[in-house]
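Participant: I have a structure here, written as structure tokens, and I will follow up with some questions on it.
The values are calculated or read from the model by the stated rules, or taken from the named source; none is laboratory data. Everything numeric here is computed off the predicted structure, so don't read it as measured data. All Cβ positions, even for glycine, are placed from backbone atoms using ideal geometry, and neighbour counts span all protein chains on display.
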Amino acid sequence: MDVDIDVQSKFDSTKVFPTWTKAAVVRDGRLTPHPCGVYPQAIARDPLTQLAAIPYDAAEEHGYLKVDFLHVSVYDRFKSRQEIDELVKLEPNWTLLQLDSTHPKLFQLSKHGDLLKTIKPRAIDELGDCMALIRPGKKTLAGLYTKQRAAARTLLYAPDPESGYAFKKSHALAYAYVVVLQLHLIERGQL
């Protein structure tokens with residue numbers, strides 16, 4: 001299991017949590033650092049790299065909890081958590097999602113302007129659904145979504161029958177809130 005925490009770009013988990021062990025990925029037969037994962041609990045360390053001696057995918061199978069600190073650059077534009085909290089309470093200008101000039105600026109959706117123009121999100125859950133629709137194998141549900149939202153939603157967040165991968169609604173909504181922040185910044189002329 002892992003926990004994802006969105007942070008500013010300057011956040012360095014090794015400075016904040018110096019006793020936590022950096023997660024590892026096997027590449028070309030060698031342990032290499034995981035891009036953002038750390039372990040808060042004791043886990044065997046490789047004596048040469050000081051990385052977790054167990055690659056992250058195997059560690060998960062053994063019950064280790066990995067925390068991923070994901071750098072989200074839009075947070076760099078805010079001075080405080082309070083500023084973010086106040087902005088997400090405000091209704092954004094949803095029409096900005098229909099403008100070609102807005103699309104390249106959007107977190108996760110920069111190359112999906114066509115989808116935004118089709119869905120025309122006007123609420124946070126609809127924007128979250130757009131986040132789910134861009135995942136592998138889900139974009140084909142856009143037509144169904146425009147006609148039968150409830151039916152499409154059950155499929156959007158269902159695990160893929162082959163891989164077992166499922167995009168969680170909680171992730172979709174978290175990503176959607178990042179875009180809401182961006183819409184406010186765009187409207188202010190700050191992005």
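Participant: Sort through LYS111, LYS105, LYS117 and tell me the only one that's free of Cβ contacts under 8 Å to residues at least 40 places away in the same chain and within 20 Å of GLU187 (Cβ to Cβ). Spell out the reasoning first.
Facilitator: Numbers: LYS111 fails: within 20 Å of GLU187 (Cβ to Cβ); LYS105 fails: free of Cβ contacts under 8 Å to residues at least 40 places away in the same chain.
Matching residue, one of LYS111, LYS105, LYS117: LYS117.
Participant: I need a count of the residues in the range 50-68 that are surrounded by fewer than 17 Cβ atoms within 10 Å (Cβ to Cβ) and either assigned to a helix (DSSP H, G or I) or outside the structural domain of ARG30 (by TED's automatic domain parsing) (or both).
Facilitator: Summing the residues that are surrounded by fewer than 17 Cβ atoms within 10 Å (Cβ to Cβ) and either assigned to a helix (DSSP H, G or I) or outside the structural domain of ARG30 (by TED's automatic domain parsing) (or both) in the range 50-68 gives 4.
Participant: Which count do you get for residues in the range 75-92 that are surrounded by 10 or more Cβ atoms within 10 Å (Cβ to Cβ), more than 20 Å from the chain's Cα centre (by Cα) and not in a loop (DSSP other than H, G, I, E, B)?
Facilitator: Within the range 75-92, residues that are surrounded by 10 or more Cβ atoms within 10 Å (Cβ to Cβ), more than 20 Å from the chain's Cα centre (by Cα) and not in a loop (DSSP other than H, G, I, E, B) number 2.
Participant: Turning to a different aspect of this structure: Could you give me the residue pairs with C-beta distances under 8 Å whose first residue belongs to the range 61-87 and is farther than 24 Å from GLN108 by Cβ and touching a residue at least 24 places away in the same chain (Cβ under 8 Å), whose second residue is of a type in the set (Asp, Glu) and part of a helix (DSSP H, G or I) wherever it lies, and which are 6+ apart or on separate chains?
Facilitator: Qualifying pairs under 8 Å: none.
Participant: Taking the range 147-191, which residues are surrounded by 11 or more Cβ atoms within 10 Å (Cβ to Cβ) and among the charged types (D, E, K, R)?
Facilitator: Scanning the range 147-191 gives ARG149, ARG153, ASP160, LYS168, LYS169, GLU187.
Participant: Here's something else I'd like to know. Scan the range 38-49 for residues that are in contact with a Ser or Thr (Cβ under 9 Å, 6 or more places away or on another chain) and either loosely packed, with under 13 Cβ neighbours inside 10 Å or closer than 19 Å to ASP6 by Cα (or both) and report the count.
Facilitator: Step one: list which residues in the range 38-49 are in contact with a Ser or Thr (Cβ under 9 Å, 6 or more places away or on another chain), which gives 38-45, 49.
If we keep only those that are either loosely packed, with under 13 Cβ neighbours inside 10 Å or closer than 19 Å to ASP6 by Cα (or both) as well, we get 38-42, 44.
So the answer is 6.
Participant: Could you count how many residues in the range 93-114 are under 20 Å from the mean Cα position of the chain (by Cα) and either surrounded by fewer than 21 Cβ atoms within 10 Å (Cβ to Cβ) or not hydrophobic (A, V, I, L, M, F, W, C) (or both)? Reasoning before the result, please.
Facilitator: Of all residues in the range 93-114, those under 20 Å from the mean Cα position of the chain (by Cα) come to 97, 102-113.
Applying the additional criterion that residues be either surrounded by fewer than 21 Cβ atoms within 10 Å (Cβ to Cβ) or not hydrophobic (A, V, I, L, M, F, W, C) (or both) yields 102-105, 107-108, 110-113.
Residues in the range 93-114 being under 20 Å from the mean Cα position of the chain (by Cα) and either surrounded by fewer than 21 Cβ atoms within 10 Å (Cβ to Cβ) or not hydrophobic (A, V, I, L, M, F, W, C) (or both): 10 in total.
Participant: What do you reckon, is VAL3 touching a residue at least 40 places away in the same chain (Cβ under 8 Å), in a strand (DSSP E or B) and loosely packed, with under 12 Cβ neighbours inside 10 Å? Spell out the reasoning first.
Facilitator: Numbers: touching a residue at least 40 places away in the same chain (Cβ under 8 Å): yes; in a strand (DSSP E or B): yes; loosely packed, with under 12 Cβ neighbours inside 10 Å: yes.
Yes: the conditions hold for VAL3.
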